[in-house]
């Protein structure tokens, strides 16, 4: 199982505490699994029509920025093993 | 529970304020959706326990929330606002950007939710970039009424300072086919066929900010109001000028009269007196605060032209707040209550039609919208 950590606003929207676990081997599968299990998240991570990641949403894992790699690339092995989480981050854009 | 329920949208969440019919002692509940911008909340006239909320933010986009128990609990519903392709234009077409160049239509947020007067499952959403959507399944799905954006003038519409937004929708009290919409900065529009086609209704408006001051479209209309007993009479707060129409928008005339300034955002009508109108004058288009540090609501009992300041209970020095376009409402009790919220986070109530005011709550985040439900 892949461990996913969501930012506070999305955890409260989906009524989640702590990490979420999903069956996923790619970023696309993470997003598909999150939206299927928690429909309130639809449209908040990626545009419903185009599928594009929202500009202020970033994906990190294993100290790497995965935001711009292909959605269909395999996730890092440590994430697939469950040793490291897949992080969904609201980009820093405050004052 | 009989009484008043005030629905407050703010920059950082929603609040529900409740009182009995005396409207003296208030309970403040919130924040709901803490940290999100709540542009608007509104209750269904057909089922007062059904509430709608527009929840949005720069990071995670648009969410629409629905409550079926008067705001005690909420559930996210559909949030897919897809623009329809327009005949004769490429895809969904373009409008003008701030600099006058063409820009493809792009959904940003829901500014205003207007529930049907008769069907709890039907609700309209006015959005940015300016378009009107309708749901008939309790918010699960949304379909654009594209005849509005498809009007021939659509490619010339341009944003106001807040964006190109459809912020006001008035439903005719008895004719479901007739609606009035206002867009910044395109102007006012009317449909007589349930939203399939729309007519610009801006004759008589004068705007110095556009090349042709009397143009058919391009006016920055800030808010519209009507009284259900006289649905052909419309009141308008424009960028500058307070206006009135007695022919369902076919023509307008100015009623700014003796107001200290005719710039402002909200306008509303007394629940039982169709010639009693309320506005909140703002200093100017470059200084969006009340004039002279004094928070004054102005009331006309003559349908405009002659205005009196209402000040009892409102700060009359060192006050520099704004009152936004959707942040004023009236209840329907025998003594009509008037409510408004400020960008300073205060929500005021007058239980006597504006004669005196009390501050219900003082230090909320900046208030974006205020609606009130009259619960009997």
Hey, which of the strands (runs of 3 or more DSSP E) in the stretch B:23-111, taking only ones fully inside, have at least 2 residues that are more than 12 Å from every other protein chain (Cβ to nearest Cβ)?
-> B:27-32, B:37-43, B:51-57, B:94-96, B:102-104
Index of the failed condition, residue A:16 passing every other in (1) assigned to a loop (DSSP other than H, G, I, E, B); (2) more than 14 Å from chain B (Cβ to nearest Cβ); (3) at pLDDT 95 or above | (2)
Name the residues in the stretch B:295-310 that are part of a loop (DSSP other than H, G, I, E, B), crowded, with 16+ Cβ neighbours inside 10 Å and at negative phi, would you?
-> B:295, B:296, B:307
Just to be sure, is residue B:92 touching a strand residue (DSSP E or B) at 6+ places or on another chain (Cβ under 6 Å) and either surrounded by 14 or more Cβ atoms within 10 Å (Cβ to Cβ) or at pLDDT 95 or above (or both)?
-> no
Looking at B:28, B:6, which one is in contact with a strand residue (DSSP E or B) (Cβ under 6 Å, 6 or more places away or on another chain), buried (at least 21 other Cβ atoms within 10 Å of the Cβ) and over 28 Å from residue A:57 (Cβ atoms)?
-> B:6
Which numbered condition trips up residue A:4, out of (1) part of a helix (DSSP H, G or I); (2) in contact (Cβ under 8 Å) with a residue 12 or more places away in the chain; (3) touching a helix residue (DSSP H, G or I) at 6+ places or on another chain (Cβ under 7 Å)?
-> (1)
Looking only at the stretch B:112-139, and only at residues there that are part of a loop (DSSP other than H, G, I, E, B), in contact (Cβ under 8 Å) with a residue 60 or more places away in the chain and touching a strand residue (DSSP E or B) at 6+ places or on another chain (Cβ under 8 Å), the one that is surrounded by the fewest Cβ atoms within 10 Å (Cβ to Cβ) | B:117
For the stretch A:33-66, what are the residues that are within 9 Å of another protein chain (Cβ to nearest Cβ) and either assigned to a loop (DSSP other than H, G, I, E, B) or surrounded by fewer than 16 Cβ atoms within 10 Å (Cβ to Cβ) (or both)?
-> A:39, A:42, A:43, A:44, A:45, A:47, A:48, A:49, A:54, A:55, A:56
Is there a residue in the stretch B:222-237 that is surrounded by 23 or more Cβ atoms within 10 Å (Cβ to Cβ) and over 19 Å from residue B:340 (Cβ atoms)?
-> yes
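The values are calculated or read from the model by the stated rules, or taken from the named source; none is laboratory data. What you see is a predicted model; the values in this text were computed from it and never measured. No Cβ is skipped: glycine too gets one built from the backbone with ideal geometry, and neighbour counts run over all protein chains shown.
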